[in-house]
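The block underneath contains the structure these notes are about, expressed in structure tokens.
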Amino acid sequence: MKVTRRATELRARGVDVVDFGAGEPDFSSPAVAVEAARRALADGFTKYTPSSGIPKLREALAERYHRDYGSPWQGGDVLVSVGGKAALFELALALCDEGGEVVLPSPCWVSFPEQIRLAGAEPVLVPTAPEDGFRIHAEPLIEALSDRTRAVLVNSPSNPSGGMIEAADLRRLVAACAERGVLVIADETYERFVYEGAHASVATLASEFPETVVLVGSFSKTYAMTGWRLGYAFGPRSVLGPVADIQSHVTSNPTSFAMMGALAALREAEPDVVRMIAAYRERREFLIPRLNEVPGFSCRPPSGAFYAFPHVAEAFEEGRRGSVAFAEALLEEAAVAVVPGAAFGADDHIRISFACSTETLEKGLARMSELLAGARA
Ligand code: PLP
């Protein structure tokens with residue numbers, strides 16, 4: 001967000017900034033969602049709703065996960081939240097305490113460690129490796145468990161790395177955690193953005209481990225509905241009960257008419273989703289080989305999500321050593337906004353979002369190449 005703010009400042013001064021910073025789809029929200037929300041507003045659906053969300057949306061979510069993953073969850077087993085971010089924070093508040101720990105793979109999304117710390121616990125970061133495509137393995141996570149572990153938090157596909165966990169690893173992890181009574185929270189925000197292999201969802205394990213798996217999802221990325229602020233969490237009542245209590249005191253409920261839009265998206269926007277995913281796939285195929293031609297960059301194709309996470313340390317030099325200084329140089333000298341890897345715990349990397357047009361990608365690539373080739377000349 002800091003990068004986006006500075007990029008906005010430069011734009012306001014007339015600089016034509018290429019923005020690879022924001023993790024936000026460039027597509028419009030599906031027309032069916034917009035129309036349903038408009039209708040809900042016109043019909044006066046503008047009052048408080050039940051705190052955990054409107055029953056129709058909760059039931060439609062449960063049906064969708066049952067259809068796609070065979071999960072046993074009913075409408076009463078899902079809580080709709082003000083973005084996936086709020087569900088994750090409410091979970092952290094419900095589960096964490098002083099001295100507690102949450103185990104998670106690294107690099108990881110910036111908000112995970114902050115939310116865990118805000119809730120009084122400590123994040124325990126377990127590294128994943130670029131040589132391995134940042135794949136998430138069960139064993140190192142299991143080895144990091146202790147009697148202080150309150151939960152394991154797995155984000156697959158991962159923001160920022162695009163790394164994923166395979167089904168066998170997820171099962172091993174969930175089984176090992178269940179033996180110790182530890183919860184596995186799966187943040188499946190990027191569930192639909194998969195280019196290699198298949199998405200492994202904890203929803204497929206919910207029948208077998210009903211008390212120890214939680215799934216967090218979001219309308220933001222899949223449906224290009226970031227500003228609507230709608231996400232959700234499935235899980236056992238022992239966990240969702242306290243989460244719902246917290247939500248009732250913080251946001252009361254997700255926005256009434258936004259939920260009507262989300263319901264329409266869930267029921268009718270699949271063709272939009274398929275079209276958008278095809279575009280992300282094309283952009284990834286365009287971007288990655290060209291990124292490897294930028295002097296000092298090396299990048300493996302991400303398995304999922306919509307970010308490239310190149311290793312850029314070879315391009316560091318005096319005045320721009322480390323990912324923060326490097327990202328500043330790209331912004332100030334090439335008018336390209338990226339997120340420094342340090343934000344995610346990986347200082348030799350930068351994150352480039354390909355949730356933008358191929359023309360934008362081409363322009364940004366040319367600018368970065370020019371700056372870095374010039375530096376080497
Ligand atoms: N989880 C991950 C890994 C994300 O990258 C994001 C957003 O960037 C979220 C959750 C939350 O998204 P939202 O609050 O928009 O649903």
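The set of residues in region 63-91 being in contact with a strand residue (DSSP E or B) (Cβ under 6 Å, 6 or more places away or on another chain) and among the small types (Gly, Ala, Ser) consists of SER81, GLY83, GLY84, ALA87.
Looking only at helices (runs of 4 or more DSSP H) that lie completely in region 27-140, which have at least 1 residues being polar (S, T, N, Q)?
111-118
Name the residues in region 241-277 that are among the aliphatic types (A, V, I, L, M), out of contact with any helix residue (DSSP H, G or I) (no Cβ under 8 Å at 6 or more places or on another chain) and surrounded by fewer than 18 Cβ atoms within 10 Å (Cβ to Cβ), would you? Residues satisfying the conditions are VAL273, VAL274, ILE277.
Against the condition outside the structural domain of THR128 (by TED's automatic domain parsing), surrounded by 20 or more Cβ atoms within 10 Å (Cβ to Cβ), of a type outside the set (A, V, I, L, M) and touching a strand residue (DSSP E or B) at 6+ places or on another chain (Cβ under 8 Å), how does SER303 come out, does it pass? Steps first, please.
Values: outside the structural domain of THR128 (by TED's automatic domain parsing): yes; surrounded by 20 or more Cβ atoms within 10 Å (Cβ to Cβ): yes; of a type outside the set (A, V, I, L, M): yes; touching a strand residue (DSSP E or B) at 6+ places or on another chain (Cβ under 8 Å): yes.
The answer is yes for SER303.
Per the listing LEU93, LEU61, the residue uniquely within 16 Å of the ligand (Cβ to nearest atom), within 29 Å of GLU139 (Cα to Cα) and in the same structural domain as PHE219 (by TED's automatic domain parsing) is LEU93.
Being outside any strand (DSSP E or B) and at positive phi is the requirement here; does GLY163 meet it?
Criteria not met by GLY163.
So, in region 126-159, of the ones that are polar (S, T, N, Q) and closer than 17 Å to GLY304 by Cβ, which residue ends up surrounded by the fewest Cβ atoms within 10 Å (Cβ to Cβ)? I'd like the intermediate steps shown before the answer.
Step one: list which residues in region 126-159 are polar (S, T, N, Q), which gives 128, 146, 149, 155-156, 158-159.
Right, trim to closer than 17 Å to GLY304 by Cβ and you get 128, 155-156, 158-159.
Working: THR128: 22, ASN155: 26, SER156: 28, SER158: 30, ASN159: 27.
The selected residue is THR128.
Count of region 96-121 residues, restricted to those that are small (Gly, Ala, Ser), without any contact (Cβ under 8 Å) to a residue 60 or more places away in the chain and within 14 Å of the ligand (Cβ to nearest atom), is 1. Is it true that some residue in region 142-158 is in the same structural domain as ALA94 (by TED's automatic domain parsing), in contact with a Gly (Cβ under 6 Å, 6 or more places away or on another chain) and among the small types (Gly, Ala, Ser)? Within region 142-158 (the criterion being in the same structural domain as ALA94 (by TED's automatic domain parsing), in contact with a Gly (Cβ under 6 Å, 6 or more places away or on another chain) and among the small types (Gly, Ala, Ser)), the answer is no, since none of the residues qualifies.
Scanning region 220-235 for residues that are in a loop (DSSP other than H, G, I, E, B) and either closer than 17 Å to ALA269 by Cα or modelled with pLDDT under 95 (or both) returns SER220, LYS221, THR222, TYR223, ALA224, MET225, LEU230. Counting the residues of region 204-234 that are surrounded by 24 or more Cβ atoms within 10 Å (Cβ to Cβ) and away from the ligand (no atom under 16 Å from the Cβ) gives 4. Contact map, region 127-142: first residue closer than 11 Å to LEU104 by Cβ, second residue assigned to a loop (DSSP other than H, G, I, E, B) and aromatic (Phe, Trp, Tyr), Cβ cut-off under 8 Å, separation 6 or more or different chains; pairs are THR128/PHE134. Tell me, yes or no, whether region 174-194 has at least one residue that is away from the ligand (no atom under 16 Å from the Cβ), charged (D, E, K, R) and at pLDDT 95 or above. Taking every residue of region 174-194 in turn, at least one turns out to be away from the ligand (no atom under 16 Å from the Cβ), charged (D, E, K, R) and at pLDDT 95 or above. Could you tell me whether any residue of region 275-295 is without any contact (Cβ under 8 Å) to a residue 24 or more places away in the chain and outside the structural domain of GLU314 (by TED's automatic domain parsing)? No, because not a single residue in region 275-295 is without any contact (Cβ under 8 Å) to a residue 24 or more places away in the chain and outside the structural domain of GLU314 (by TED's automatic domain parsing).
The rows are residues; the columns are (1) farther than 22 Å from TYR232 by Cα; (2) surrounded by 23 or more Cβ atoms within 10 Å (Cβ to Cβ).
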residue: ALA12; (1), (2): yes, no
residue: SER28; (1), (2): no, no
residue: THR49; (1), (2): no, no
residue: HIS66; (1), (2): no, no
residue: GLY70; (1), (2): no, no
residue: VAL78; (1), (2): no, yes
residue: GLY100; (1), (2): yes, no
residue: PRO113; (1), (2): no, no
residue: GLU122; (1), (2): yes, no
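Just wondering, is there one or more residues in region 264-271 that are without any contact (Cβ under 8 Å) to a residue 60 or more places away in the chain and under 20 Å from ALA33 (Cα atoms)? If you could, list the steps in order and put the result at the bottom.
If we filter region 264-271 for residues that are without any contact (Cβ under 8 Å) to a residue 60 or more places away in the chain, which is where we start, we get 270-271.
Going one step further and asking which of them are under 20 Å from ALA33 (Cα atoms), we end up with 270-271.
Yes, region 264-271 has at least one match.
Per the conditions (1) at negative phi; (2) in the same structural domain as VAL216 (by TED's automatic domain parsing), the sole criterion not satisfied by VAL15 is (2).
The values are calculated or read from the model by the stated rules, or taken from the named source; none is laboratory data. Every value quoted in this text rests on a predicted model; they were computed, and no experiment measured them. Please note: Cβ atoms are built from the backbone with ideal geometry, for glycine as well, and neighbour counts cover all protein chains shown.
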